[in-house]
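Asker: Got a structure for you, written out below as structure tokens; questions coming shortly.
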Amino acid sequence: MSERMKAVRQHAFGGPEVLVYEDAPKPRPAAGEVLVRVRAVGLNPPDWYLREGYKALPPEWRPQVTFPVILGTDISGVVEAVAEDVGDFRAGDEVHAMVRFPGGLAGGSRAYAEYVSVPASEVARKPVGIDHAHAAAAPMSLLTAWQFLIDLGHDAQNPLQPHPHRPVPLAGRTVLVNGAAGGVGHLAVQLAKWRGARVLAVASGRHEAMLRALGADAFIDYARDAPEDVAREVDLVVDAVGGAASGRFLRTLKRGGTLFPIFPLGFSGGEEAATRGVTVSATQVRSSGAQLEQAGRLLDDGTLRVVIDSTYPLAHARRAHERAEAGHIQGKIVLTVDG
């Protein structure tokens, strides 16, 4: 068996041009791990955050990165080998996972590669009803939407807020999803509908047909109407864009409502939220094979659908990152790995 594999690595921070398709050491499964032969890789914002050196984070929060580094967390593939202490999986099993997140923020996840070792606790069986590309597109986006909206599933404290994150009841409520066409957003729309909410989707106009097909009850084209000016008496806002602009959605919420900024850094509307009687809460998504298995049943039976924007061969990861930088992504970008 070869001790080498192909991977996409970077040797310095920078733009998509720093991504190099080259030979790299093939990992071995440590205790508690499985070795997966990767068939597809899903791209996520933390990939480009790491690629450029986490420039949006305060310097004291930036992880220390040792080069060369392999990006990525989301994979789907086939188990090649398992450690002796792993009993839940065996060679030949089709699986998917979000690998070592957030523990791998400094590049310890290593998904842009032909092989990746994964803690067995983070692995779920691939839903049989979807292919590897769709299974790889799901993990981080699906687990983020699940942990925000359905079940947190961990007790790790968010350092940005004094209270634990808690999902809120959705049945019969009105939920606005901003950034509804993106990876987290389009799954949040579907989960809210699954739980019985009335969903208002906010995105650019070209995404309207897709979002209505996924269950959105109403659509706001942000290029024509500012959602904070037209939406009122909303129970929950899921802002899948997040950041400093999340505060504009406070005026859309009824007293007792809730704002979930998926990316909470920069939010400064705490005083206004308290005045309006609005709860603001966020969490950091964390790897969980058990939750991915549970949510994956909804992918298997067609309750949830993962939309793929575009696919690229692993060797063309640079082009995939250029596509991400162009913006207006519909769903997810996926890298495919030759069998």
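Asker: Which one, 44, 65, 101, projects farthest toward the positive side of the charge dipole computed for the chain from Cβ point charges (K/R +1, D/E -1)?
Answerer: Towards the positive end, the residue furthest out is 44.
Asker: Once both axes come from the Cα atoms, what is the angle between helix 317-326 and the longest principal axis of the chain, in degrees from 0 to 90, rounded to 10?
Answerer: Helix 317-326 sits at roughly 10 degrees to that axis.
Asker: Can you tell me the dipole magnitude for the chain around its Cα centre, using point charges on the Cβ only (Lys, Arg +1; Asp, Glu -1), in Debye to the nearest 20?
Answerer: So the dipole magnitude of the chain works out to roughly 480 debye.
Asker: May I pose another question? State, to one decimal in nm, how far the label point of residue 154 lies from the label point of residue 11, with both points 7 Å from Cα in the Cβ direction.
Answerer: Rounded to a tenth, the inter-label distance reads 3.4 nm.
Asker: Specify which residue in the list 220, 168, 111 is farthest towards the positive end of the charge dipole of segment 105-229, using unit charges on the beta carbon of Lys, Arg (+1) and Asp, Glu (-1), about the Cα centre.
Answerer: 168
Asker: Now a separate question. Provide the percentage of antiparallel DSSP beta bridges, counting only those with both residues in the chain; round to the nearest 5.
Answerer: Here the antiparallel bridges make up roughly 55 percent for the chain.
Asker: Let me ask another. How many nm separate the modelled label positions at residue 61 and residue 301, each set 7 Å beyond the Cα in the direction of the Cβ?
Answerer: Label at residue 61, label at residue 301, 3.9 nm between them.
Asker: Excluding residue 334 itself, calculate the net charge of residues whose Cβ lies under 13 Å from the Cβ of residue 334, where each Lys or Arg counts +1 and each Asp or Glu counts -1.
Answerer: 0
Asker: Compute, for segment 89-215, the length of the dipole vector about the Cα centre, with Cβ point charges of +1 (Lys, Arg) and -1 (Asp, Glu) only. Units Debye, rounded to 20.
Answerer: Its charge dipole is roughly 400 debye.
Asker: Counting Lys +1, Arg +1, Asp -1, Glu -1, what net charge surrounds residue 185 among other residues with beta carbon under 12 Å of its beta carbon?
Answerer: Net charge in that neighbourhood comes out at 0.
Asker: Starting from segment 158-260, pick out the trypsin sites (Lys or Arg not before Pro) whose DSSP state is loop and whose Cβ has at most 13 other Cβ atoms within 10 Å.
Answerer: 224, 232
Asker: Same structure, new question: Counting each DSSP H run of 4 or more residues in the chain as -39500 (n - 2.57), what helix-only mean residue ellipticity at 222 nm follows after dividing by all residues, to the nearest 500 deg cm²/dmol?
Answerer: Computed ellipticity for the chain at 222 nm equals -6000 deg cm²/dmol.
Asker: Also, I was wondering about something else. List the lysines whose Cα lies under 24 Å from the Cα of residue 332, skipping any in the same chain that are fewer than 8 positions away.
Answerer: Excluding near neighbours in sequence, the set is 6, 55, 126, 193.
Asker: Follow-up question, since we're still on this one. Straight distance only, please: which aspartates and glutamates reach the Cα of residue 26 with their own Cα at less than 17 Å, same-chain residues fewer than 8 apart left out?
Answerer: Residue 26 reaches 3, 80, 114, 338.
Asker: Taking 8 Å as the Cα distance limit and 6 or more residues as the minimum spacing, I'd like the relative contact order of the chain as a percentage.
Answerer: So the answer I get is 19 percent.
Asker: Same structure, new question: If you line up the long axis of helix 139-149 against the longest principal axis of the chain, both from Cα atoms, how many degrees apart are they, to the nearest 10?
Answerer: 30 degrees
Asker: Tell me the angle of helix 183-194 to the major Cα principal axis of the chain, expressed in degrees between 0 and 90 and rounded to the nearest ten.
Answerer: 60 degrees
Asker: Continuing with this model, one more query. Assuming 0.36 nm per residue, please report the length gained on full extension of the stretch residue 325 to residue 131 beyond their Cα-Cα distance.
Answerer: 67.2 nm
None of the figures in this text is laboratory data; all of them are computed from the coordinates on show. Note that the coordinates shown come from a computational prediction; the quantities given were computed from them, not determined experimentally. We place every Cβ from the backbone using ideal geometry, glycine too, and count neighbours over all the protein chains shown.
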